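Asker: Right, I'll just put the structure down here and ask away after.
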Amino acid sequence: MKRDVAIFRAAEALVALVLLVALYHWIGTGTPAALVRDATHWYSHKVDGLFAVSVIDTGVKLPHLDKASLPIAAAPPTDGAAPSASTT
């Protein structure tokens, strides 16, 4: 029984060693950095302009109206005298 457990532990240690070497090689080749770079590029492309702030002029400006273009005719100029009722 002890011999079976010892063989199992040795196989477990060998698998762990192989995984450790594979992980070391994977990190050494720069694969995680490349994956992060690709993921951040993809994310920045998807949210491009999402947080952009644009300033809109909210000042109130009165319209500049031309008196000749108004639908109501301008009042005739008065010289101070009241208009007469009879025009005879």
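The values are calculated or read from the model by the stated rules, or taken from the named source; none is laboratory data. Computed from a predicted structure; not experimentally measured. Here the Cβ is made from the backbone with ideal geometry for all residues, glycine too, and neighbour counts use every protein chain on show.
Asker: Is there any pair linking a residue in segment 42-65 that is surrounded by 10 or more Cβ atoms within 10 Å (Cβ to Cβ) to one that is at pLDDT 80 or above, with Cβ under 6 Å and at least six apart or on different chains, and which?
Answerer: From residues that are surrounded by 10 or more Cβ atoms within 10 Å (Cβ to Cβ), there are no pairs.
Asker: Confirm whether Ala6 is small (Gly, Ala, Ser) and either at pLDDT 85 or above or surrounded by 10 or more Cβ atoms within 10 Å (Cβ to Cβ) (or both). Talk me through it step by step, then tell me what you get.
Answerer: Numbers: small (Gly, Ala, Ser): yes; either at pLDDT 85 or above or surrounded by 10 or more Cβ atoms within 10 Å (Cβ to Cβ) (or both): yes.
Considered against the rule, which asks whether it is small (Gly, Ala, Ser) and either at pLDDT 85 or above or surrounded by 10 or more Cβ atoms within 10 Å (Cβ to Cβ) (or both), Ala6 comes out as yes.
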